[in-house]
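Step one of this worksheet: look at the structure below.
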Amino acid sequence: MLVFDADDTLWENNLVFERVIDDFLEWLAHPTLDRAEIRAVLDDIERANAVAHGYGSKVFLRSLGECLERLRRRPATDAERREIGRLATALVEHQVELMPGVADALDELADRHELLLLTKGDAEEQQRKLDACGLLHHFRAAHIVPEKDVGTYRWLSREYGFAPAAGWMIGNSPRSDILPARAAGMNAVFIPNDNTWVLEHDELDPTDPGILHLAAFPDLLRHF
């Protein structure tokens with residue numbers, strides 16, 4: 001059983017958020033804090049909001065507004081909120097663009113293995129991406145969950161009746177894709193993405209035989 005992450009594994013996602021953040025930092029400016037210090041404040045706010053409110057563009061916009069208010073020590077004006085909304089228009093208008101080689105590789109993998117898709121975030125937002133990606137026919141099922149933790153992967157193996165050791169979680173996020181899948185007894189394939197969200201970073205054990213490190217998505221065809 002091959003289980004695939006979606007954002008930043010099948011298609012680029014966080015790259016769009018990073019572009020919005022760059023524009024936000026440029027627009028916000030601060031008399032004493034540099035861009036790195038402002039980004040650290042935003043990261044802390046995003047971390048708290050992810051726990052309290054989940055993921056997706058709506059929560060991201062909330063975080064930008066809270067960052068502005070914290071740094072300027074006052075509520076955001078209507079004009080400032082409109083500007084934040086304008087900066088984030090790219091998130092709403094972004095079209096799903098598959099990573100290189102994904103479509104062809106899934107064509108072959110689906111002939112040889114059973115595939116599942118597992119993504120987290122706002123259900124409506126993630127469903128829009130799934131509907132637009134043109135890949136769903138390859139998967140037995142696609143699941144949108146609020147969080148990917150050990151319990152999620154244990155539930156998945158029970159739901160589809162496969163032994164955890166016979167399953168492989170394939171993704172770019174150490175925190176959401178690799179480490180909890182391993183903790184649930186599954187194997188994992190780590191395909192790094194330079195644009196992975198900082199809150200999804202974590203350390204992987206380079207000696208763990210249950211983690212396969214690949215450079216690009218099409219490399220899966222050499223192993224499965």
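The values are calculated or read from the model by the stated rules, or taken from the named source; none is laboratory data. No experiment lies behind these values; they were computed from the predicted model shown. Counting neighbours? That spans all protein chains shown, and the Cβs are built from the backbone with ideal geometry, glycine included. SASA here: full protein model, heavy atoms, side chains in, ligands and nucleic acids out. Shrake-Rupley method; radii C 1.70, N 1.55, O 1.52, S 1.80 Å.
Structural remarks
- Sorted largest first, extent of segment 71-122 alpha carbons per principal axis (Å): 57, 18, 16
- Förster-model FRET efficiency, 22 Å R0, E108 and R175, C-beta, rounded to 0.05: 0.15
- Here the accessible area of segment 146-207 is 53 percent carbon and sulfur, with a 1.4 angstrom probe and all protein chains present.
- Under 15 Å from a label point set 7 Å out along the Cα-to-Cβ vector of A163, the amide N atoms of segment 174-205 belong to 185-187.
- Using the empirical formula 2.2 N^0.38 Å as the baseline, the Cα radius of gyration of segment 133-197 reaches a ratio of 1.12.
- Based on C-alpha pairs under 8 angstrom that are at least 6 apart in sequence, the chain has a relative contact order of 26 percent.
- Computed over the alpha-carbon atoms, the chain gives an Rg to Rh ratio of 1.00, Rh here being the Kirkwood radius from the mean inverse distance.
- Net charge over other residues, Cβ less than 15 angstrom from the Cβ of R74 (K, R count +1; D, E count -1): 0
- For the chain, share of DSSP beta bridges that run antiparallel, in % to the nearest 5: 5 percent
- Stretch gain in nm, segment V92-E124, where the contour uses 0.36 nm per residue and the Cα spacing is subtracted: 10.3 nm
- Viscosity 0.692 mPa s, 37 °C: Kirkwood-radius Stokes-Einstein D of segment 111-224 over Cα pairs, µm²/s: 222 µm²/s
- Once the 1.4 Å probe is applied to the protein heavy atoms, the chain comes out at 49 Å² accessible per residue.
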